[in-house]
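Structure record follows, encoded as structure tokens.
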Amino acid sequence: MKAIVDRQKCTVCGVCTDVCPFGAISLKETFIEISDECTLCGMCVDTCEFGALSLPEVGTGPAEDLASYKGVWVFAEWREGTIHQVSYELLSAGRKLADKRGVKLSAVLLGHRLDQSIQEELVSYGADVVYVVDHPELAHFRDEAYSKAVVELIRQKKPEILLAGATSMGRSFIPRVAALVKTGLTADCTELDISEEGLMLQTRPAFGGNIMATIVCPNRRPQMATVRPKVMRPEKMKDHQGRVERMALPEECFKSRVEVLQVIPEQDQTAKLTEADIIVSGGRGLRKSENFSIIEELAQLIKGAVGASRGAVEEGWIAPSHQVGQTGRTVAPTLYMAVGIAGAIQHVVGMQGSKVIVAVNKDPQAPIFDVATYGVVADLFEFMPAFIRKIKQERGESS
Amino acid sequence: MHIAVCIKQVPDTKNVRIDPDTHTLVRQGVESIINPFDLFAVEAALKIKDETQATITVLTMGPPQADEALRDALSRGVDDAVLLSDRAFAGSDTWATSTTLAAAVRKMGDVDVVLCGKQAVDGDTAQVGPEMATFLDMPYATFVKKIEVLDGSALKISRQTDEGVEIWKLPTPCLLTVIKEVGEPRLPSLRHKMRAKKATIPVWGVADLGLAPENVGLSGSFTQVVRVFSPPRRTDRVLIQGPIEEQVEQLFRHLKESKVPGL
Ligand SMILES: Cc1cc2nc3c(=O)[nH]c(=O)nc-3n(C[C@H](O)[C@H](O)[C@H](O)COP(=O)(O)OP(=O)(O)OC[C@H]3O[C@@H](n4cnc5c(N)ncnc54)[C@H](O)[C@@H]3O)c2cc1C
Ligand code: SF4
Ligand code: SF4
């Protein structure tokens, strides 16, 4: 199988030949040819202005009536008594999809000793129905029990769309749900839309954020996606009404072969990078361990978390849990300050989703400036103390 | 103990980009490397082998060139390698990829532990491990940073979550996806390099795995890429130069105007 060329439409312009990462397209005199090197990656399809390229259809799986699946679901991530912020973001995003489709929006809440106020909160962010499964075996997160419970709910209620946060929990158990219900799953989306026909257009970064791809799941339901936290905006709907439906599932759903021995919450609050709204990060430019105090001082002052480049972590100036980037955490705060960080792509992929990026670096050629909203070309040892003084001074005056 | 490690050959992501002018994918200078997280998985397996009697087999699904990645793993001390390669695998999404890998593990028969990287840096989905475990009906743990073999039939692992660390006990056979903290990958040794060069690596296709062609590759996939484009560039970039005091004033003003919290 390979990409399909519609020779009627192809003008033999040759543009696509340069696009194929596998060199599978060759330009002949009167036509183009696709070789067996084609991996069906899809890269060429969108580059042909004439719509001459397409991929063969994806699989259909077992025959089923897709139209019998209705409604948008959001998995409400409950941990130790609280709901993860991303769930509210998803309810707001899901509300829009549901309205466009003219269907109901539901939240799925799993856990144990669930508080009434949580259900009300979910409704206030737009849920029409909250499906609640409360069971002792759901007190601690385990992939098996959580996925079996969600799969059972899907089998009973048949939603057309299921969204979950691309958190460590969502990215861990949602793939199991997709595998069990035999449907496609798009990871870590940053944009969602829906087509006339009800196909969810799921856009996500790939290749370390250098490329965006829009993905669909045409022939299976539910269409499932995990969505990156802090990308969608949570919107409270004051007088929204919804109802709660308690679901009793077969005992079999709660069985798990995994035994949770211990849960150790992160001691160091500043390391809670993924949830932070402000992050101040330091890199090799700080030169020595003691100088990390500059980063810590500013972070404390503006109530931010402390991040680091791999360089700083390798030097042993700060614990690995603070590392931002490809092999560390991916973050997307409102404000990200990179101080003395060169901006290698491996670092950038972990922070480029931030709303405002400030870079402080004395090398004007540093790649970090390519992604910085505000690039300060300065010696950090001069700039940072002055900037900290300025903030203190402003506060002194206004208070 | 038999450990299977799944590795993926990926383009070195730092070189993959779309040319902003021509809107085409730049492939110049894009080398293939072993997915960095999979090297951690190889290292985790070798660590277990250092302490217990273990045999390690690496698997990859990919084009014939993926053979290189397998030889690299062999040169680091892995015992055996298998290449899953067939035209029919082209266009696999994670569902089809994990179906194929799971079939290979099943064919190997006696696997006690399957190790994967946390995610592959090209697709970045982190779905293959969990989906594969599901098809193999194995318990699994993601984001694993430490592995301890308790006895022949159970593992104690630590996993890093957004909230902290969790310690789990899993019976074998099971699947783990690992992160950097399991250990820096060791370098190839001369002795193993020699062996890697000479090794014959079996190639398994659809028929060898007993899979139906409609369950692999694009036909076995449910997701489809419909559009690929470069991320919108930041158009609002401001470079702040000049004397320190002025820079401080400017940045402060900009941040106030952008209404960032904290100031
Ligand atoms: C732009 C783009 C976006 C895509 N988005 C999606 C998407 O959202 N959903 C989807 O289902 N598919 C998607 N795909 C397809 C996906 O990249 C492929 O299915 C890929 O082969 C497997 O997924 P991954 O690379 O994300 O693996 P991950 O799940 O990130 O990899 C985890 C681990 O699985 C193992 N592994 C993965 N692939 C192999 C392999 N071939 N051989 C051996 N071990 C392996 C490795 O141990 C690896 O560390 C996308 C493809 C492209 C080009
Ligand atoms: S880009 Fe389209 S029109 Fe041009 S050669 Fe390729 S298929 Fe033909
Ligand atoms: S689908 Fe991918 S591999 Fe096939 S011709 Fe198009 S760009 Fe090349």
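The values are calculated or read from the model by the stated rules, or taken from the named source; none is laboratory data. Since the model is a prediction, treat every value here as computed from it, not as a measurement. Note: ideal-geometry Cβ built from the backbone for every residue, glycine included; neighbour counts use all protein chains shown. Only protein heavy atoms, including side chains, enter the accessible area calculation; ligands, DNA and RNA are left aside. Shrake-Rupley method; radii C 1.70, N 1.55, O 1.52, S 1.80 Å.
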Filter the stretch A:53-70 for residues that are surrounded by 11 or more Cβ atoms within 10 Å (Cβ to Cβ) and within 15 Å of A:E160 (Cα to Cα); the one that is modelled with the lowest pLDDT is A:E64
Of the listed residues (A:A76, A:A24), the one being of a type in the set (A, V, I, L, M, F, W, C) and more than 16 Å from ligand 1 (Cβ to nearest atom) is A:A76
Residue under evaluation B:P231, criteria (1) over 30 Å from A:D277 (Cβ atoms); (2) without any contact (Cβ under 8 Å) to a residue 24 or more places away in the chain, criterion not met | (1)
Residue match in the stretch B:208-226 (condition: under 22 Å from the mean Cα position of the chain (by Cα), over 30 Å from A:T226 (Cβ atoms) and not acidic (D, E)) = no
Checked the stretch A:373-399 for anything modelled with pLDDT of 95 or more and small (G, A, S); matches are A:G375, A:A378, A:A386
Among the residues of the stretch A:240-253, is there at least one that is more than 28 Å from B:L175 (Cα to Cα), open to solvent by less than 20 Å² (accessible area, probe 1.4 Å) and acidic (D, E)?
-> no
Return the residue satisfying two criteria in turn: it lies in the stretch B:207-234 and is in a helix (DSSP H, G or I) and either at pLDDT below 95 or more than 27 Å from B:A45 (Cα to Cα) (or both), and of such residues it is farthest from the other protein chains (Cβ to nearest Cβ).
-> B:A207
If you go through the stretch A:87-99 one residue at a time, do you hit one that is within 12 Å of another protein chain (Cβ to nearest Cβ) and either open to solvent by 20 Å² or more (accessible area, probe 1.4 Å) or without any contact (Cβ under 8 Å) to a residue 40 or more places away in the chain (or both)?
-> no
Unmet requirement for A:M1, which otherwise passes all of (1) within 14 Å of ligand 3 (Cβ to nearest atom); (2) out of contact with any helix residue (DSSP H, G or I) (no Cβ under 7 Å at 6 or more places or on another chain) = (2)
Please enumerate the residues belonging to the stretch A:23-38 that are open to solvent by less than 50 Å² (accessible area, probe 1.4 Å) and facing chain B (nearest Cβ under 9 Å).
-> A:G23, A:C38
Given the conditions (1) at pLDDT below 95; (2) more than 9 Å from chain A (Cβ to nearest Cβ); (3) surrounded by 18 or more Cβ atoms within 10 Å (Cβ to Cβ); (4) more than 16 Å from ligand 3 (Cβ to nearest atom), report the number of the one that B:E31 does not fulfil.
-> (3)
Counting only helices (runs of 4 or more DSSP H) entirely within the stretch A:283-368, those with at least 3 residues that are open to solvent by 30 Å² or more (accessible area, probe 1.4 Å) are A:292-301
Given the conditions (1) facing another protein chain (nearest Cβ under 9 Å); (2) open to solvent by less than 10 Å² (accessible area, probe 1.4 Å); (3) among the β-branched types (V, I, T), which single one is not true for A:V377?
-> (2)
Only one of (1) more than 16 Å from ligand 2 (Cβ to nearest atom); (2) assigned to a helix (DSSP H, G or I); (3) not β-branched (V, I, T); (4) not assigned by TED's automatic domain parsing to the domain that holds A:V216 is not met by A:D36, so which one is it?
-> (2)
Just wondering, is there one or more residues in the stretch A:57-65 that are in contact with a Gly (Cβ under 9 Å, 6 or more places away or on another chain) and within 12 Å of ligand 3 (Cβ to nearest atom)?
-> no
Where residues in the stretch A:135-191 are in contact with a helix residue (DSSP H, G or I) (Cβ under 9 Å, 6 or more places away or on another chain) and of a type in the set (D, E), which of them is nearest to ligand 3 (Cβ to nearest atom)?
-> A:D188
The residue from A:C10, A:C16, A:C41 that alone is near ligand 2 (Cβ under 7 Å from one of its atoms), open to solvent by less than 70 Å² (accessible area, probe 1.4 Å) and part of a loop (DSSP other than H, G, I, E, B) is A:C10
Unique match (being aliphatic (A, V, I, L, M), within 11 Å of chain B (Cβ to nearest Cβ) and open to solvent by less than 30 Å² (accessible area, probe 1.4 Å)) among A:V227, A:V263, A:V258 | A:V258
Considering (1) in the same structural domain as A:I345 (by TED's automatic domain parsing); (2) in contact (Cβ under 8 Å) with a residue 12 or more places away in the chain, say which one A:M247 fails and leave the rest.
-> (1)
Looking only at the stretch B:65-107, and only at residues there that are farther than 30 Å from A:K182 by Cβ, assigned to a helix (DSSP H, G or I) and of a type outside the set (A, V, I, L, M), the one that is nearest to ligand 3 (Cβ to nearest atom) | B:Q65
Here is a list of conditions, (1) near ligand 2 (Cβ under 8 Å from one of its atoms); (2) charged (D, E, K, R); (3) surrounded by 13 or more Cβ atoms within 10 Å (Cβ to Cβ), and A:E49 meets all of them except one; can you say which number that is?
-> (3)
Of all residues in the stretch B:108-124 being under 30 Å from B:V228 (Cα atoms) and assigned to a loop (DSSP other than H, G, I, E, B), the one that is farthest from ligand 3 (Cβ to nearest atom) = B:K118
With (1) in a helix (DSSP H, G or I); (2) among the hydrophobic types (A, V, I, L, M, F, W, C); (3) under 25 Å from A:P175 (Cβ atoms) as the list, and B:V58 as the residue in question, which single condition is left unmet?
-> (1)
Filter the stretch B:100-117 for residues that are at pLDDT 95 or above and open to solvent by 20 Å² or more (accessible area, probe 1.4 Å) and give the result.
-> B:R106, B:K107, B:M108, B:D112
Got at least one residue in the stretch A:53-69 being more than 30 Å from A:M1 (Cα to Cα) and away from ligand 2 (no atom under 16 Å from the Cβ)?
-> yes
